[in-house]
Amino acid sequence: MSLIFGIFNRNGRPVNPEDMDTIHLGMLDLPHEKYNISIQDNIAFGHMLTYNTPESLYEQMPKYLPEQKLLFVSQGRIDNREELADILNIRITDTVPDGEIILKAYLKWGEKTPDYLLGDWSFAAFDTEKQNLFIARDHHGYTDINYYIDDKIIVFSTSIKGILALKYIPQKLNENILIRSLVLWGGKENHGNTYYKDIYHLLPAHTLNIGKEFSEKKRYWFPENIETVHGKKPDEYADELKEILNKAIKVRLRSYKPVVSMLSGGLDSSTVSFLAAELLKKEGKKLTTYSHVP
């Protein structure tokens, strides 16, 4: 996956380009092919591109749209490309990256965009006129957003390493979280907190809305509210489960690089690997697998 990051000076001070380079240097050891930034006065977005899908070779982020007064950056993989293309009236080709689809979706739905996206993704959008920053991440995927916030600034990054690279960000140990981790003490109090005070983790299915004088975090998806289907025969449930699994695995095989699978020895990874191998076989490809040997 690619990485995204940004700085919003809530006090109006212009972003120092060196700070963006510092964040990049903090994550330099993480795989990426390209690096680009866009600075618009007191807001700046950065993008570290990784070729994860064939279309990602044509990804160009961040993007500034002067007519809409919008700065935008995204990363990830969209699994309902065709469905969104029909709704957004986009002609899907091999050169249309997922980031372009996410941007078009945001221009149509704004803060409701997460309700329409399926896959592993995260994005940030900034209205330069309203001075409003909106950050969102997927329902429950492999993306990540960490952020530091005070009354003067917010710094966000896919990796916490980028935030910690800035010398003016206080690095104070969150002793409560450390102790809870050592004694395996969970609970809602841990949610969103990290090992560093004032540096937070945006949980899956959440959005972050920040202005100069306000900040609001919301949850947009509740899996516990999904309607349960009853009345089917056991074989029908099994067939439907296999259909859903095949669909989920197939979209994840859309990769620029060869696909591999990690076998942990359990039923879940074995099932996924078997179904992935069957799908790849139809394309004349083989699935490489890795196993952990203690």
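Do we find a residue being assigned to a helix (DSSP H, G or I) and either in contact with a helix residue (DSSP H, G or I) (Cβ under 7 Å, 6 or more places away or on another chain) or more than 22 Å from Gly141 (Cβ to Cβ) (or both) anywhere in region 255-262?
No, because not a single residue in region 255-262 is assigned to a helix (DSSP H, G or I) and either in contact with a helix residue (DSSP H, G or I) (Cβ under 7 Å, 6 or more places away or on another chain) or more than 22 Å from Gly141 (Cβ to Cβ) (or both).
Taking only region 43-61 into account, find how many residues are outside any strand (DSSP E or B) and touching a residue at least 40 places away in the same chain (Cβ under 8 Å).
Qualifying residue count, region 43-61: 10.
So, in region 265-285, how many residues would count as being within 14 Å of Leu253 (Cβ to Cβ) and open to solvent by less than 100 Å² (accessible area, probe 1.4 Å)?
If we filter region 265-285 for residues that are within 14 Å of Leu253 (Cβ to Cβ), which is where we start, we get 272-285.
Cutting the leftovers down to open to solvent by less than 100 Å² (accessible area, probe 1.4 Å) gives us 272-273, 275-280, 284.
So the answer is 9.
Which residues, counting only those in region 141-170, are among the polar types (S, T, N, Q) and at pLDDT 95 or above? Before the answer, list the steps.
Taking region 141-170 and keeping what is among the polar types (S, T, N, Q), we get 143, 146, 157-159.
Those that are among the polar types (S, T, N, Q) and at pLDDT 95 or above: Asn146, Ser157, Thr158, Ser159.
Please go through region 146-170 and give me each residue that is farther than 19 Å from Ile210 by Cα and surrounded by fewer than 17 Cβ atoms within 10 Å (Cβ to Cβ), ordered by number.
Hits for region 146-170 are Lys167, Tyr168, Pro170.
Does Glu83 qualify as being of a type in the set (Asp, Glu) and surrounded by 20 or more Cβ atoms within 10 Å (Cβ to Cβ)?
Numbers: of a type in the set (Asp, Glu): yes; surrounded by 20 or more Cβ atoms within 10 Å (Cβ to Cβ): no.
Considered against the rule, which asks whether it is of a type in the set (Asp, Glu) and surrounded by 20 or more Cβ atoms within 10 Å (Cβ to Cβ), Glu83 comes out as no.
Restricting attention to region 222-241, and to residues there that are of a type in the set (Asp, Glu) and either within 24 Å of Thr207 (Cβ to Cβ) or touching a His at 6+ places or on another chain (Cβ under 8 Å) (or both), which single residue is least open to solvent (accessible area, probe 1.4 Å)?
Among those that are of a type in the set (Asp, Glu) and either within 24 Å of Thr207 (Cβ to Cβ) or touching a His at 6+ places or on another chain (Cβ under 8 Å) (or both), it is Glu224.
From the residues in region 171-192 that are at pLDDT 90 or above and of a type in the set (S, T, N, Q), which one is least open to solvent (accessible area, probe 1.4 Å)?
This residue is Asn174.
The values are calculated or read from the model by the stated rules, or taken from the named source; none is laboratory data. Just so it is clear, the structure is predicted and the values come from calculations on it, not from any experiment. Please note: Cβ atoms are built from the backbone with ideal geometry, for glycine as well, and neighbour counts cover all protein chains shown. Calculation scope for accessible area: heavy atoms of the full protein, side chains included, ligands and nucleic acids excluded. Shrake-Rupley method; radii C 1.70, N 1.55, O 1.52, S 1.80 Å.
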